[in-house]
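Undergrad: Below are the structure tokens for one structure; questions will follow.
Please treat every number below as a calculation from the coordinates, not as lab data. What you see is a predicted model; the values in this text were computed from it and never measured. Backbone-built Cβ (ideal geometry, glycine too); neighbour counts: all protein chains shown.
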Amino acid sequence: MTAFTRPSRWGIAACALLGLAPLASAQQRPSEALTERLARSAPALDRKVLALATRALSCAAGRPGTAPATLSVIDYSLPSTKPRLWVFDLAQQKLLFEEWVAHGRNTGDNLATRFSNESGSYMSSLGAFRTEEAYVGQNGYSLRLKGLEPGINDKARERAIVIHGAPYVSQALISSQGRLGRSLGCPAVRSAVARPLIDSIRDGSFVFAYYPDQRWLKQSQLLNSDCGNAVVPPQGSRTAAMPSAGSGNLNSP
């Protein structure tokens with residue numbers, strides 16, 4: 001597990017110089033170079049998952065009010081007993097954290113298999129999120145998330161899906177029961193790392209939660225080559241649209 005200091009918000013300006021600033025045109029592809037550079041510092045992170053995360057980041061960065069300083073990637077295809085959360089400083093293009101993260105009680109045991117956007121499901125959600133404000137609640141220091149994908153995770157704030165620390169995210173739980181404890185849908189992390197991690201990614205950074213769910217992968221506008229901006233022809237038209245040139249809840253063990 002690794003932890004470093006919070007990236008400066010001036011990193012946003014540095015991102016612009018490095019070509020990581022908001023992409024105004026849907027014709028621009030996600031930065032393959034960014035994927036390559038970040039991958040060097042996180043060899044355990046699947047390169048294809050990271051490529052999807054940077055693609056979604058590039059699409060989201062073209063939207064007003066989006067200028068993330070960090071990229072957080074969760075790979076729910078991995079078992080909970082393995083580190084599956086990576087946090088990158090985009091300005092410095094380096095790894096800040098590599099951590100365990102719990103999934104929702106009804107998402108699965110050690111392996112995550114089910115996801116939901118519905119209140120009361122006690123499942124994790126997939127897709128892209130923007131971090132919002134930090135606060136102290138029932139689970140201690142926590143971070144609110146705003147889901148960016150309609151029908152996939154846009155009820156995250158309504159469901160109180162937040163990042164927080166939890167005692168059941170520990171080696172002791174792995175040793176005793178063969179998996180981490182589970183939340184009611186929140187991506188919970190180790191209590192010891194919760195505050196520095198949250199302070200590194202709060203207030204407008206980008207979180208990408210992956211699982212090879214085919215419906216989401218096909219439906220997500222942020223993963224489309226045109227970022228969901230394809231022109232749809234009028235009904236009955238024989239002219240096809242021209243494609244883009246670019247492609248606080250309670251928790252329990």
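Undergrad: Using only alpha carbon pairs under 8 Å that are at least six residues apart, calculate the relative contact order of region 11-223 and give it in whole percent.
TA: 22 percent
Undergrad: Mind jotting down the distance between the C-alpha centroids of region 174-197 and region 200-216, whole Å?
TA: After rounding, the separation between the Cα centres reads 17 Å.
Undergrad: To one decimal place, what orientation-averaged projected area in nm² is obtained for the convex hull of the Cα set of region 11-223?
TA: Convex hull of Cα atoms, orientation-averaged projection: 10.6 nm².
Undergrad: Once both labels are modelled 7 Å past Cα along the beta-carbon direction, what's the residue 114-residue 36 spacing in nm?
TA: 4.3 nm
Undergrad: Hey, can you grab everything whose amide H is under 5 Å from the amide H of residue 154? Only 5+ residues off in sequence or another chain; H modelled, so Pro and N-termini drop out.
TA: Counting only residues 5 or more places away or on other chains, the set is 149.
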